[in-house]
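The values are calculated or read from the model by the stated rules, or taken from the named source; none is laboratory data. It should be emphasised that the depicted structure is a prediction, and the values quoted were computed from it without experimental measurement. Using ideal geometry, Cβ is built from the backbone for each residue, glycine included, and neighbour counts are taken over all protein chains shown.
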Amino acid sequence: MHDMTRSGLSRLVMAAAIAAGPAHGADIASSDPAAALAAIDQVRVGTGAGQLRIRLTSAKWGAEDMRVCIGRDAAEIDVLSGRYASERVLMQGENVWVRMPHSSRTIAITPIERILGQASYGDLARSHWFGSYTPSWKPVAAPGGRGSAAADASVLDLHATTTHRAYQRIAVVVDRKTGWPIAARFYLGSGKLFKLARYGRPTTLGGRRLIVQTWFVDPADPGRATLLEIRRVDPGQCPASRFTVDGFAE
């Protein structure tokens, strides 16, 4: 009898939720919240392992390129250019380690450190929300979005299933017809609004339909945004050793 891990079970549930989702063109707010969240993850993160080439662009720091290796419950980030060039990051759930250039030390960082900045390591790793948050439809009109908010969008309210999550609440503005995310507001456990995101329309890249452009904004500095852009998708598996602390330290 095969051993079903929590991650594997979560993927089966997510696949079933996607299959049970609303028909295209139906009002998303009438659908099951879990199915809607699974569909959002499908275009936001995709499924399966692989490698992403990502570029961050901001007015302050210019362009910074990263290679992100995605595993079952982990991600490794190699910074290829920019202010943190040659830095490496390993993420396993809420646990994060950083390897600085020309250093043999592996440094553990806190959950709050992983989300600092307009586009953080947590954003780069593109972790799934399904299974980590409990979703429900919020019975209020969405602020902003494409066209008339009241007519075009609904809000899917996500609450973390554990207090260990850096973001304890995420309010996702969802297009009512497509089910795609338009924007999101990220909150800390204190209730403080910590970050804003705006999502581009999904496009096909590397055989996957993904949101390839996301703009992140600090609410304290709304005039500036950081663009996170997926430039390439390589479906090949990353070596499993890259997702262990010992392998990361080599």
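What the table below lists for this structure:
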item	result
Those residues of segment 134-160 which are among the hydroxyl-bearing types (Ser, Thr, Tyr) and either touching an Asp or Glu at 6+ places or on another chain (Cβ under 9 Å) or modelled with pLDDT of 95 or more (or both), in sequence order	134, 136, 154
Output for segment 160-193, where each listed residue is closer than 20 Å to residue 91 by Cβ and either buried (at least 19 other Cβ atoms within 10 Å of the Cβ) or basic (Lys, Arg) (or both)	165, 166, 167, 168, 170, 184, 186
Count of segment 198-250 residues which are within 18 Å of residue 122 (Cα to Cα) and among the acidic types (Asp, Glu)	2
Among (1) without any contact (Cβ under 8 Å) to a residue 60 or more places away in the chain; (2) surrounded by fewer than 15 Cβ atoms within 10 Å (Cβ to Cβ); (3) at negative phi - the single one residue 207 does not satisfy	(3)
Criterion (assigned to a helix (DSSP H, G or I), modelled with pLDDT of 90 or more and of a type in the set (Asp, Glu)) met by exactly one of 41, 65	41
Which listed residue is on the phi > 0 side of the Ramachandran plot and at pLDDT 95 or above, from 191, 131, 179	191
Residue under evaluation residue 217, criteria (1) touching an Asp or Glu at 6+ places or on another chain (Cβ under 6 Å); (2) surrounded by fewer than 19 Cβ atoms within 10 Å (Cβ to Cβ); (3) within 28 Å of residue 138 (Cα to Cα), criterion not met	(1)
Test: residue 55 is in contact (Cβ under 8 Å) with a residue 40 or more places away in the chain, touching a strand residue (DSSP E or B) at 6+ places or on another chain (Cβ under 6 Å) and in a strand (DSSP E or B)	yes
Entirely in segment 150-245, the strands (runs of 3 or more DSSP E) that have 3 or more residues that are more than 18 Å from residue 39 (Cα to Cα) and β-branched (Val, Ile, Thr)	226-234
Members of segment 225-250 found to be exposed (fewer than 13 other Cβ atoms within 10 Å of the Cβ) and of a type in the set (D, E, K, R), listed by number	231, 246, 250
